[in-house]
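Undergrad: Below are the structure tokens for one structure; questions will follow.
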């Protein structure tokens, strides 16, 4: 992409070897531009060049060329697309205005083969057209992520609620420990005072007391170490039990996890086959539509110059003549035969469109299976990774338990040895037995005091942690409400898109019917119909759109008619209004500044003028292909391009 100097507020298209175009460059001002000319004057080819510049790859190269090029200049920048033939296919490269042109192809590029227009004309699946630009997979993934967040928040709040219930017990235990510590300190103080009051020989007392204190200190250390090891061992065993339970749960989940449906190669191969078949049918449908328009031109030859009546009789004779002669080949064909051909082609067109819808349904089903397979694979990998981690942690805990058990055995022996050393010192001098007993008692009291203080510290920490979590409770509840609301919003997003599309169609259908003056069509409206119950997840199978026609009889009585009874003009208008509803629902005007209109021949000139006037306000650039006689009915204020 490169910045170029263009006139402020103008768009320019340069095309080379696109469709039937040799080379052309056309500039546009914002507003309506009419591409005026007879058939086969490259106006549709030019619209296809515009499509290519904005991102479409469905563009043909001129039959006598091997490469083609499109330059689009808009908003002060240029976008270049290059096309080349390779292996029987058209390869497209370069920069485009849109990264993904799907929504523009559906609702902005309204050529005769436009899928949104054809869905009305052929009574296709209107809801599928409206919902298609919505990334349902992304919505479902986001819902899954938000649901996981919500469950985590709920678990955390439930844990806080449970921990709240522990506070009274912990408060009572803290009070008990504080009282016990005070009592133990008082007891220790009393014993220490009694030791000080015991009178023995000073020199002997000092020597013996020093040795006793050393042995008692050693005993105290060994007991303290043993208590720590016992506590650590208990903690590790509890952790091991938790890990074993988690491992069992992970193994159960892995065993219950279903096998993914199908194989990736099978699904990808089938998808490629179906897409190729759908593309082939879409090509056939385009050809059928061209054939229909050609035969309609043949039927109207007396006005367009395609056919002439046999002979050179006067105008009155031509109006009653049932035979016409082709000016290109000179053959004479009955008008009824042409009409019969047109009807057969329309029936084949509707059948082909139905086959395309069926193929799309199969493609959607295979895409769903592929997504399910991917989900199962990711879940299995996650469980296997966690199981591997848990097994590693279990082994580490087993190793630590084994080490702690050995350490406990060693310390138990050391405590017994230290106790024996103290007892041996006690028996060496009967006169010193009392002071030894007092020191031993003081040592035990100090050990108990240390244990109580340690437990009190743990209780204080636990109470502090609970109180901290309680302080976070309000924020967690607010976050839970936000996540729950977001889940509901995601789950109803498709519903909102559907309802918005229906409302917009009905609003614009009423306005357009009034503008175009179809007297025998009282109302044209779209209804959103539920099919079965909606699931709690976002889905694309919960409903359908039904298009209703209400006519008025000669006596003024309103009655509902069927879509297939609409005239071709009325169907084309309904298709354009439906495309406009999708254009506004998906806010296509925010992504692309242009709208293209083609194949309006079925609508009379005055109504085309009203339709263009209605569409004008919704796109920055509105390019409309018209025959000269139709363009004559539109205001002179519209720009006109007569040569491509």
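The values are calculated or read from the model by the stated rules, or taken from the named source; none is laboratory data. The structure displayed is predicted, hence computed values, not measured ones. So basically every Cβ, Gly included, is an ideal-geometry build from the backbone, and we count neighbours across all protein chains shown.
Undergrad: Would you pick out the residues in segment 65-81 that are more than 13 Å from residue 25 (Cβ to Cβ) and crowded, with 20+ Cβ neighbours inside 10 Å?
TA: 68, 74, 79, 81
Undergrad: So residue 140 clears everything in (1) closer than 27 Å to residue 491 by Cβ; (2) crowded, with 16+ Cβ neighbours inside 10 Å; (3) touching a helix residue (DSSP H, G or I) at 6+ places or on another chain (Cβ under 8 Å) except one condition, right? Which one?
TA: (3)
Undergrad: Moving on to the next point. Go through segment 43-58 and report how many residues are closer than 17 Å to residue 98 by Cα and over 29 Å from the mean Cα position of the chain (by Cα).
TA: Looking only at that region, the number is 4.
Undergrad: Could you look through segment 143-161, keep only residues that are within 20 Å of the chain's Cα centre (by Cα) and at pLDDT 85 or above, and pick out the one that is surrounded by the most Cβ atoms within 10 Å (Cβ to Cβ)?
TA: Per the stated criteria, the residue is 146.
Undergrad: Is it the case, given these coordinates, that residue 138 is over 30 Å from residue 436 (Cβ atoms) and without any contact (Cβ under 8 Å) to a residue 24 or more places away in the chain?
TA: It is true that residue 138 is over 30 Å from residue 436 (Cβ atoms) and without any contact (Cβ under 8 Å) to a residue 24 or more places away in the chain.
Undergrad: Still on this structure, I have one more. Yes or no: residue 606 surrounded by fewer than 20 Cβ atoms within 10 Å (Cβ to Cβ) and part of a helix (DSSP H, G or I)?
TA: It is true that residue 606 is surrounded by fewer than 20 Cβ atoms within 10 Å (Cβ to Cβ) and part of a helix (DSSP H, G or I).
Undergrad: Give the residues of segment 9-59 that are in contact with a helix residue (DSSP H, G or I) (Cβ under 8 Å, 6 or more places away or on another chain), more than 30 Å from residue 295 (Cβ to Cβ) and assigned to a strand (DSSP E or B), sorted by residue number.
TA: Of everything in segment 9-59, those that are in contact with a helix residue (DSSP H, G or I) (Cβ under 8 Å, 6 or more places away or on another chain), more than 30 Å from residue 295 (Cβ to Cβ) and assigned to a strand (DSSP E or B) turn out to be 13, 26, 31, 32.
Undergrad: Being surrounded by 14 or more Cβ atoms within 10 Å (Cβ to Cβ) and either without any contact (Cβ under 8 Å) to a residue 40 or more places away in the chain or in a strand (DSSP E or B) (or both) is the filter here, so list the residues in segment 83-101 that pass it.
TA: Hits for segment 83-101 are 83, 84, 90, 92, 94.
Undergrad: Residue 32 - would you say it is within 22 Å of residue 598 (Cα to Cα), assigned by TED's automatic domain parsing to the domain that holds residue 638, buried (at least 19 other Cβ atoms within 10 Å of the Cβ) and at pLDDT 90 or above?
TA: Yes.
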